[in-house]
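Report on one structure; see the data block that follows.
The values are calculated or read from the model by the stated rules, or taken from the named source; none is laboratory data. Since we're looking at a predicted model, the values are computed, not measured. Virtual Cβ from ideal backbone geometry, glycine too; neighbours counted across all protein chains shown. Calculation scope for accessible area: heavy atoms of the full protein, side chains included, ligands and nucleic acids excluded. Shrake-Rupley method; radii C 1.70, N 1.55, O 1.52, S 1.80 Å.
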Amino acid sequence: MNNAIVQIAAMLKQHMGLDMASVGSSLIERGVRERMAQLGQPEVYGYLHMLQSGVGELQELVELVVVPETWFFRDREAILAMARLARDKIVQAPMARLRILSLPCSTGEEPYSIAMALIDAGVPAAQFQIDAVDICQRSLALAQRAVYGRNSFRGKQLDYRERYFSAVPDMATLALLSEEVQTQVRFRFGNMLDADFMGAEAPYDFIFCRNVLIYFDREVQIQAVNMLERLLAEQGCVFVGPAEAGLLLRPHIESIGIPLSFGFRRKTSRPVVVAEPLPAQVLLPPTWSIPLPVAVPVRTARRPQVVSPPAPVVAPTAAPVNDLLARARACADRGELAQAASLCEQHLRSNGPDAATYYLQAVICDAQHDVGTALQLYRKAIYLQPDHREALLQLAALLAAQGDVEAAARLQQRAERTRLNSGDKEQSHA
């Protein structure tokens, strides 16, 4: 690999945390070549000198290497879980004003989805504010324009489009977001790795930072998680991506207990107050059922030992096969990795091999830093389901970290072809 590209990658990592081992060198090389063509600079070392001369050109390169890839309600479970929790907070404290952070916000689909979910949940507009931050000026400009094409509307649940979007005159493929939603979001430029990032801001009740930490190395990941904890209110919640849940597992951090939300909060010994149901007129529409928290069994005080005849042994009732994988996902979300792994094994014994279970096992091993086993399990998932995009991307990241850049690039290309063919599966921000 060209030494100049290596030096440029190091500058990008220092500036924004982007780890070349995670994204592959081809992404950075493509951005460099495009920028060189724009500047009429024929020699890569000449371009490196331009980068070293000031931060202005480095920001221009950042705009090219960070590719916005998002859509409305992309992380539906997390967004709906947040809406339910926000509604409960307002019921418990009617005068509260909720603060939400979307980081990175890309072209605006995530923070606007959060705003729509809160409005639909009956949270008054005057009682919440969303701050949306990104390192790309072009993405922020598109977000503030609030005009979106078909690629931003994916999946089958698109009822929100009729409520909050209107057609753009003479542009049948575009839709304009309503002012009602736009006014709830404040966009700003920022670099989450800056030492004083949002240092003057009050803590946030909810933080969304999904699918960006996986592009940092371990040192930068720890720095980013510390930053998120600094910005989080005492009883706040932070939502991360599925492959990032292991990074939030600290002695004083726990899962919020809502399956597939990948939300976390500080541990507390105080009893949790469950809000009364809201009146019917402010409940979510029927198509927006918000998942309820997983029930936690109550532990009773241990009774004094009493000698008595042995009770008859009753065989435990086996869990339904189709429920084991859902329980495994919920355990993994709560950080109970050993229990999740055990449930995956039970599912495989009862139901036979399948890609979804192998992928979840791989994510668990990944979170436990068992790279060798994770590699094998990702490959098993891909063997059973060749278009399993998440497994392709995760395997590519592990291979790139081990230095097998060519194999990683091939897997990334396969994942990209899968995205183009389907268009509906979750992807990362970078």
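A few comments on the model shown:
- For segment 136-151, the set of residues classified as touching a helix residue (DSSP H, G or I) at 6+ places or on another chain (Cβ under 6 Å) and open to solvent by 10 Å² or more (accessible area, probe 1.4 Å) consists of Arg138 only.
- Counted residues, segment 52-92 - those being among the hydrophobic types (A, V, I, L, M, F, W, C), more than 12 Å from Ala117 (Cα to Cα) and modelled with pLDDT of 90 or more: 6
- Number of positions in segment 351-364 that are under 14 Å from Ala243 (Cα atoms) and without any contact (Cβ under 8 Å) to a residue 24 or more places away in the chain: 1
- For segment 384-410, filtering for residues that are part of a helix (DSSP H, G or I), open to solvent by 20 Å² or more (accessible area, probe 1.4 Å) and free of Cβ contacts under 8 Å to residues at least 24 places away in the same chain leaves 2.
- Boolean, Ser261 is surrounded by 20 or more Cβ atoms within 10 Å (Cβ to Cβ), modelled with pLDDT of 85 or more, farther than 17 Å from Ala83 by Cβ and not aromatic (Phe, Trp, Tyr): no
- The one condition from (1) touching a strand residue (DSSP E or B) at 6+ places or on another chain (Cβ under 8 Å); (2) part of a helix (DSSP H, G or I); (3) open to solvent by less than 30 Å² (accessible area, probe 1.4 Å); (4) farther than 26 Å from Pro242 by Cβ that Ala115 does not meet is (4).
- Of all residues in segment 169-218, exactly one satisfies the criterion of being at pLDDT below 90, of a type in the set (Asp, Glu) and surrounded by 11 or more Cβ atoms within 10 Å (Cβ to Cβ), namely Asp217.
- Every residue from segment 210-268 that is assigned to a helix (DSSP H, G or I) and of a type in the set (Lys, Arg): Arg218, Arg230
- Residues being assigned to a loop (DSSP other than H, G, I, E, B), in contact (Cβ under 8 Å) with a residue 40 or more places away in the chain and among the small types (Gly, Ala, Ser) - total across segment 30-86: 0
- The one condition from (1) within 17 Å of Ser261 (Cα to Cα); (2) in contact with a helix residue (DSSP H, G or I) (Cβ under 7 Å, 6 or more places away or on another chain) that Phe128 does not meet is (1).
- Of residues in segment 121-135 being open to solvent by less than 50 Å² (accessible area, probe 1.4 Å) and part of a loop (DSSP other than H, G, I, E, B), the one nearest to Gly56 (Cα to Cα): Ile135
- Some residue of segment 97-110 being of a type in the set (D, E, K, R), open to solvent by less than 10 Å² (accessible area, probe 1.4 Å) and either in a loop (DSSP other than H, G, I, E, B) or in contact (Cβ under 8 Å) with a residue 40 or more places away in the chain (or both): yes
- Gly155, sole failed condition from (1) touching a residue at least 60 places away in the same chain (Cβ under 8 Å); (2) open to solvent by 30 Å² or more (accessible area, probe 1.4 Å); (3) assigned to a helix (DSSP H, G or I); (4) of a type outside the set (Asp, Glu): (3)
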